[in-house]
Structure formats: C-alpha cells, structure tokens
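Visitor: Here it is: the structure, laid out below.
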Amino acid sequence: MKTWATLASLSLCLLSACSAGPKPYQNQQFENRAEGIPPTPTSSISTRQTNDTPHLSSTAPSAYSIPEHITRIARQSPAVQPPAEQPPANQPPAAQPETSQPEQSSPAKVKAKSAVTVKGIYVPAWKAKGASLSKLIGLLDRTELNAMVIDVKNDSGQITYDSNVGLANEIGADDTKPIPDIKALLTELKGHQIYTIARVVAFKDPYLCSVRKDLAMHTKAGAVWRDRKGVAWVDPYHPDVQAYNIAIAKEAIELGFDEVQFDYVRFPENGQKVDQEVKFYNPQGLNKSDVIQQFLTKAKQAIPAGAISADVFGLTTSAKGDMGIGQDWGKMSPAIDYISPMVYPSHYSSGTLGVRNPDLNPYDIIKVSMQDALEKNQQLEASGKKAAQVRPWLQDFTAKWVKPHQTYGAKQVKEQIRAAKELGIDQYLLWNPSCNYSYRD
C-alpha cells in the first residue's frame, strides 16, 4: 500500500478547472487558482486552474488520484447524461476597464448581519467594479447567495487596492490598483447586506520574489527556485513573508472586510522533489505542516476582530498527513474559523472515493468528501481540540477537458449543495473565475 507521502511526490492526475485553480491540480497544473486549465499527466497534487493557458489534452486524467488507503469500492451510480455543451466563458488575460454603464441592481434583500451562514461566490478584482459588479450584486439580491470572496492579494502577488502596508509600498505591489476605491466598494456591498471575504494568496507570490529575492524559495545552489511553470514562490518559513501576509490580512479587516481567506497557504506540490531541490529558511527545524499551522495561528492572534479561513486541496478531507505540501487537516482546522476544501468533482479520477466518473456524479463526490471532513473534525473535538467549520468550494464551471464530463449549470450546482446540506453543512462557496455563475434559487 502506498503512503500518501509517496503518492504526493508521484504524478497525480490532472486537474480540472475552474476556469481555481479558487484554481486546480497537477503538473501543468491549475497552478493559478483563479483561473482554469487542465494539466498534463505528470506529477503533483494539483491546485485550481487557469484560463490563461489553452486546454491541453482532452483525455488527460483528472486532478485527484487518491492513495489506496482512501479509495473506496466504486458505487453503482447511474450515469448522468451531459446536456449539450455551451461555449466556454474564458476569463480575460488581464483586468479590462469597464466601458458600459453599470446596471441598476435590485433592491437589497434583508439578510442577517450576525451568525451569517455564508453562501458565496468568488469575485476577481477586475470584476469588482462597474457593470460587472452591479450584475453580481443583482444575482445576490435575487438569490440566497449572500457573500463575495474578493481578491485583495492575487495569484501574481499584486495587491488590488491602495495599501498602507509598508513592504507593499516599498516594492510597488499595489501600483496597479484594479479596485480604485476599496472603502467605497465595501460600503456598497454592506448596503446590500453582503458578507465580504478578502482573499489573500499567501505563498505563491512571484511579484514579491522578483523584488525581494531574499524572501523567495532558493535552490541548494542559491538560485531562486521556480516550479514547472516557471513561477517563483516565497519561502513560507521566512518570518518576513509570514508578517507581510498577516499585515495585508489585518489591513483588510481594518478596511471593513468581515473575513480573511488565505489561499495557496501551502508549499508547492511535488513535495518530495521540492525538498530535494530547495534549501528552506528553517532555523527551527519545523516540518511543513507545523509552519503552516504556525502561520495560521499567528494570523488568528493578530486579527482577533475578524474571521480567518483557509483554502485547502480537496483531498485533505480524506488523505492522511499533509500530502507533502504542509496542508494537514488535523493541524489547520483547529487554528482557524472556517476551512474550505476545493472539492470540485472534475478534479477527481474515476473510482476515487468510490465514485465512477466523478464529474458526472457531483452529489456523490461532495457527499463522501464532506463525510470524511466531518469525521476528521469529530476526531479533533473528541480529543478536546477546536475544529473549524467546514465551508466547501463547489464547482460552477464546466471542465471540458475531462472525459466524460457534463456541462455544469444550476442543476449540478444544486446537487453539490444538497449533498453538503444533508450532512448539516449549509455553507458553501462557488468557484467560477469568469464570474459566469449558473446558480439560481
């Protein structure tokens, strides 16, 4: 039987994508969670996806291949016939200025301010203004959706608003400012009783690496280390890297966000290979899962006024250990308020979690993965530890490169929501990097 550590360093099948990474998993991976691209079957534990790269082989395997100890006997699930495909909605390569007049949004519906049961969508910074924003607010006003996850530090490492964080100003991380007036944005959203979550991409930060090479991960020969896509990552062990991300998160809460969500709060995939190539800044001799737990604990202590959440690979609900990337459910869950596994059905290989053709059976994938997540939390609570509330990222995009696949629409989204709700999980987040959400009440 293979251990997860061994599997994590081997090839994990492709990702599927959000067209998130939210981002995707595997070698040519959906290294960019806010976008979506299928990877080639090589190595790694995928992450979300990217739309900036053309789809690769349509027969490439799915993102999640699971080790033997968590693979279940496949159920006899009836095949789902995919509806006719619709043309994909691809995210533009870069933020574009709004040229049309903002639409008039519907009157704000009354939503409870306290104890919010979050039902949210991902909103990249380039969509958080003008007509695009008005359209999204209208969607939330008309449905049970009540929250937005908005980029404040994106996958390239750029801060999306005018920041007062010292290091951000020093390196020019906030020079582009796709959100011209963050306070006005938050005021508008609060007027519609929308719960606001600041997405902070933590350790995948090529911009910071380009200016402060001393904070980057380095090879044992001393060069800046880069992943298979040529992207540099900062060293999660470095105290200045941790302090920088915490400062941005703290500023987001002070500006008025209700919650900070850390994404890419991990080490690069292909952990064993990375360990062979990289010399980390690790004077304390901590392992990867310990340093991720340490970072989240520091963030929670530094930001007592706001909720803290973290995005994790979908397989963290079922796998043992940290998968070589530092994401150990048993260590992360007690440190934060909410934990969001990216359980996109398209990211799982056929037979994983006992489900054949996962993209065709979204209900089954969510049901099993959420059962596993709740079991892990129950084990933590039984040992006297606190456990974060589970709030999964669900798929609202079509993974056309997966074979077989189906077009995802309101029906498939609701099947995922129903599976989680039947287990008592009434919170969820929807991922579609282009913000073309199909959800309807």
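All of the numbers you see were taken from the coordinates with simple rules; none came from a lab. Because the structure is a prediction, the values reported are computed rather than measured. Cβ coordinates were reconstructed from backbone atoms using ideal geometry, including for glycine residues, and neighbour counts include every protein chain displayed.
Visitor: What number of residues within the range 415-439 satisfy the criterion of being of a type outside the set (F, W, Y), surrounded by 18 or more Cβ atoms within 10 Å (Cβ to Cβ) and within 24 Å of S349 (Cα to Cα)?
Guide: Matching residues across the range 415-439 total 9.
Visitor: Find all pairs meeting these conditions: Cβ atoms under 6 angstrom apart; at least six residues apart or on different chains; first residue within the range 328-343 and in a helix (DSSP H, G or I); second residue of a type in the set (D, E, K, R).
Guide: The qualifying pairs are W329/K376; P334/K385; P334/K386.
Visitor: Do you know which of the residues in the range 223-257 that are outside any helix (DSSP H, G or I) and of a type in the set (G, A, S) is nearest to I182 (Cα to Cα)? Even if it seems obvious, please write down each step before you answer.
Guide: Filtering the range 223-257 for residues outside any helix (DSSP H, G or I) gives 223-238, 256-257.
Going one step further and asking which of them are of a type in the set (G, A, S), we end up with 223, 230, 232, 256.
Working: A223: 37, G230: 32, A232: 28, G256: 9 Å.
In this case the residue turns out to be G256.
Visitor: So if I check each of Y338, Y408, which one is surrounded by fewer than 24 Cβ atoms within 10 Å (Cβ to Cβ) and among the hydroxyl-bearing types (S, T, Y)?
Guide: Exactly one of Y338, Y408 is surrounded by fewer than 24 Cβ atoms within 10 Å (Cβ to Cβ) and among the hydroxyl-bearing types (S, T, Y), namely Y338.
Visitor: Checking S346 against (1) surrounded by fewer than 23 Cβ atoms within 10 Å (Cβ to Cβ); (2) closer than 22 Å to D263 by Cα, which single condition isn't satisfied?
Guide: Condition (1) is where S346 drops out.
Visitor: Looking only at the range 242-251, count every residue that is of a type in the set (A, V, I, L, M, F, W, C), crowded, with 21+ Cβ neighbours inside 10 Å and out of contact with any Phe, Trp or Tyr (no Cβ under 9 Å at 6 or more places or on another chain) and tell me the total.
Guide: First pass over the range 242-251, keeping only residues of a type in the set (A, V, I, L, M, F, W, C): 243, 246-249.
Pick out the ones that are also crowded, with 21+ Cβ neighbours inside 10 Å and you get 246, 248-249.
Narrowing further to those that are out of contact with any Phe, Trp or Tyr (no Cβ under 9 Å at 6 or more places or on another chain): 248.
Looking only at that region, the number is 1.
Visitor: Quick check: anything in the range 289-311 over 30 Å from D181 (Cα atoms), within 20 Å of the chain's Cα centre (by Cα) and crowded, with 24+ Cβ neighbours inside 10 Å?
Guide: Yes, there is a match, as at least one residue in the range 289-311 is over 30 Å from D181 (Cα atoms), within 20 Å of the chain's Cα centre (by Cα) and crowded, with 24+ Cβ neighbours inside 10 Å.
Visitor: Name the single residue, out of those in the range 375-404 being closer than 16 Å to Y338 by Cα and under 19 Å from the mean Cα position of the chain (by Cα), that is surrounded by the fewest Cβ atoms within 10 Å (Cβ to Cβ). First the steps, then the outcome.
Guide: So the first thing to find is which residues in the range 375-404 are closer than 16 Å to Y338 by Cα, and the list is 375-378, 380-381, 385-394.
Right, trim to under 19 Å from the mean Cα position of the chain (by Cα) and you get 388-394.
Details: A388: 23, Q389: 18, V390: 23, R391: 25, P392: 25, W393: 29, L394: 25.
Filtering the range 375-404 for residues that are closer than 16 Å to Y338 by Cα and under 19 Å from the mean Cα position of the chain (by Cα), the one surrounded by the fewest Cβ atoms within 10 Å (Cβ to Cβ) comes out as Q389.
Visitor: Out of the range 409-437, which residues are over 19 Å from the mean Cα position of the chain (by Cα) and not aliphatic (A, V, I, L, M)?
Guide: G409, K411, Q412, K414, E415, R418, K421, E422, G424 - these are the residues of the range 409-437 that are over 19 Å from the mean Cα position of the chain (by Cα) and not aliphatic (A, V, I, L, M).
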